[in-house]
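Asks: Handing you a structure now.
The values are calculated or read from the model by the stated rules, or taken from the named source; none is laboratory data. Remember, predicted model here, so these are calculated numbers, not experimental data. FYI the Cβ positions are ideal-geometry reconstructions off the backbone, even for glycines, and counts take in every protein chain you see. Heads up: the accessible areas ignore ligands, DNA and RNA and are worked out on the full protein's heavy atoms, side chains in. Shrake-Rupley method; radii C 1.70, N 1.55, O 1.52, S 1.80 Å.
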Amino acid sequence: MNDQEIIETENRFLANVFSKKPIVLTRGKGALVWDINGKEYLDCSTSYGVALLGHCHPKIVEAIQTQAQQLITCHSCYYNDRRAEFIQKLVNITPQGLDKAFLSNSGAEAVECAIKLARKFTGKPEIIALMGGFHGKTMGALSATWDKKYREPFMPLVPEIKHVPPDNTQKLREAITDKTAAILMEPIRGEGGIRVPPDGYLQEVRDICDRRNILLILDEVQTSFGRTGKLFGCQNWNVTPDVMCLAKPFAGGLPIGITIAKENIMSALKIGEHSTTFSGSPLVCAAGCAAIDTLIEEKLTEHVADIGRYFKAGLDSLMAKHRIIKEVRGLGLMLGIELRYDALNVILKAADRGVLVLDAGRTVVRLLPPLIINKNQIDRAVKVLDDVLGEEENQRAGSSPVPN
Ligand SMILES: Cc1ncc(COP(=O)(O)O)c(C=O)c1O
């Protein structure tokens, strides 16, 4: 099939739920991907934060190839060598005390398990989430997700899940009741616009949870695996949750979800109360072992702390130049450029010039590059954004900005 035939086939036979860009990607290596006609793109989207080691990392490819010849699927009612190896590697790097996990297939599933676990462990129904938070689109996770465009068509959602304003511990305290089981939040809101909380906020939330005897569930689906310059986002503020949700990059690009908790908490779930057919498949776990090994051996988290500052400085220099930029923010390689106008044009034009970036809400350009990105590639991304923002600024001259 050529590019047009591929586009037509997907459009015809797949549910029309993704906001598609007219690009057919067929190959990737490191921070680069190529379309079917050979055009090269610098990938600062990493498939929404999945390909953190870059595309087709040789260690991931080798692990998948080797395991595919050994055993691909093995239900969790049997034991498996790769699964045991993966869980050992995982608990070696998770914050101390988080050492009992449920393995699933996506971020939303990791959140579903966390919600069920909180209810089962505490015997209470209520979950408090944050306005602006994003936790996925299955019914439980969606009930904790904030954006009404995702929620409203599917009402009624799971009851007893409510939202409080972010970065506001007073409102959080007021929202807690005798029925509250847990607070569920992202350490840094990703989809909500790359919002880094003020220093002290997360520690105070931890403190409130301890004093009110409720669980702190951190959704680290986007902020973990070195993304922010620490292995887990919460480590930027020395906070350890009771339950943590992981997904995206943990299996080198294969589908995975992980809900990891303190042992006494996870033990609240009894045989049969939660499961999924693909939990901890050998193929995914083999890729996961290679992913964690690569992250540690290549010291990528340390690299992110350094290269993230370099990228941020490049974006800050654009802010000094382009009035269309309202704010540049983020941590490590989780970066956002908030514009005074819709971000979509900028995203499409950047893609046209060979740099893939994402949105995060209507006005924020989100950059989630792979951890292995180098300074030359960052310069290339900054240059393209510079050109595109300049062009956009000229075209927008005289039109009114998006209201606050
Ligand atoms: C913080 C967070 N939680 C949960 C999810 C849902 O993950 P998935 O799309 O794998 O279900 C996402 C996806 O972007 C996310 O960013």
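Asks: Contact list please: Cβ distance under 6 Å, first residue in region 210-232 and without any contact (Cβ under 8 Å) to a residue 40 or more places away in the chain, second residue among the β-branched types (Val, Ile, Thr) and open to solvent by less than 20 Å² (accessible area, probe 1.4 Å), pairs at least six apart or on different chains.
Replies: Close Cβ pairs satisfying both conditions: ARG212/ILE176; LEU216/ILE183.
Asks: Given (1) outside any strand (DSSP E or B); (2) within 15 Å of the ligand (Cβ to nearest atom); (3) open to solvent by less than 70 Å² (accessible area, probe 1.4 Å); (4) of a type outside the set (Val, Ile, Thr), identify the lone condition not met by TRP146.
Replies: The number of the failed condition is (3).
Asks: With (1) without any contact (Cβ under 8 Å) to a residue 60 or more places away in the chain; (2) assigned to a helix (DSSP H, G or I) as the list, and PHE121 as the residue in question, which single condition is left unmet?
Replies: PHE121 satisfies all of (1) without any contact (Cβ under 8 Å) to a residue 60 or more places away in the chain; (2) assigned to a helix (DSSP H, G or I) except (1).
Asks: Right, ARG173: free of Cβ contacts under 8 Å to residues at least 24 places away in the same chain, outside any loop (DSSP other than H, G, I, E, B) and surrounded by fewer than 17 Cβ atoms within 10 Å (Cβ to Cβ) or not? Lay out the reasoning, then the answer.
Replies: Numbers: free of Cβ contacts under 8 Å to residues at least 24 places away in the same chain: no; outside any loop (DSSP other than H, G, I, E, B): yes; surrounded by fewer than 17 Cβ atoms within 10 Å (Cβ to Cβ): yes.
Taking the combined requirement at face value, the residue does not satisfy it.
Asks: Suppose the filter is open to solvent by 40 Å² or more (accessible area, probe 1.4 Å), under 18 Å from the mean Cα position of the chain (by Cα) and within 16 Å of the ligand (Cβ to nearest atom); does GLY253 pass it? If you could, list the steps in order and put the result at the bottom.
Replies: Working: open to solvent by 40 Å² or more (accessible area, probe 1.4 Å): yes; under 18 Å from the mean Cα position of the chain (by Cα): yes; within 16 Å of the ligand (Cβ to nearest atom): yes.
For GLY253, the condition - open to solvent by 40 Å² or more (accessible area, probe 1.4 Å), under 18 Å from the mean Cα position of the chain (by Cα) and within 16 Å of the ligand (Cβ to nearest atom) - is met.
Asks: With the requirement that a residue be in contact with a strand residue (DSSP E or B) (Cβ under 6 Å, 6 or more places away or on another chain) and crowded, with 18+ Cβ neighbours inside 10 Å, what does region 33-52 give you? Can you show your working first?
Replies: The initial filter retains those residues of region 33-52 that are in contact with a strand residue (DSSP E or B) (Cβ under 6 Å, 6 or more places away or on another chain), namely 33-36, 40-45.
Across region 33-52, the qualifying residues are VAL33, TYR41, LEU42, ASP43, CYS44, SER45.
Asks: Right, another one. Which residue out of PHE13, PHE102, PHE86 is on the phi < 0 side of the Ramachandran plot, among the aromatic types (Phe, Trp, Tyr) and within 16 Å of the ligand (Cβ to nearest atom)? Lay out the reasoning, then the answer.
Replies: On the way: PHE13 fails: within 16 Å of the ligand (Cβ to nearest atom); PHE86 fails: within 16 Å of the ligand (Cβ to nearest atom).
Of the residues listed, the single one that is on the phi < 0 side of the Ramachandran plot, among the aromatic types (Phe, Trp, Tyr) and within 16 Å of the ligand (Cβ to nearest atom) is PHE102.
Asks: Then there's this: Give me the residue from region 53-86 that is closer than 18 Å to SER279 by Cα and among the basic types (Lys, Arg) and, out of that set, least open to solvent (accessible area, probe 1.4 Å).
Replies: ARG83
Asks: On to the next question. When you go through GLY132, GLY136, GLY107 one by one, which is the residue that is open to solvent by less than 30 Å² (accessible area, probe 1.4 Å), within 30 Å of ARG362 (Cβ to Cβ), touching a helix residue (DSSP H, G or I) at 6+ places or on another chain (Cβ under 6 Å) and within 16 Å of the ligand (Cβ to nearest atom)?
Replies: On the way: GLY132 fails: touching a helix residue (DSSP H, G or I) at 6+ places or on another chain (Cβ under 6 Å); GLY107 fails: touching a helix residue (DSSP H, G or I) at 6+ places or on another chain (Cβ under 6 Å).
When all the criteria are applied, what remains is GLY136.
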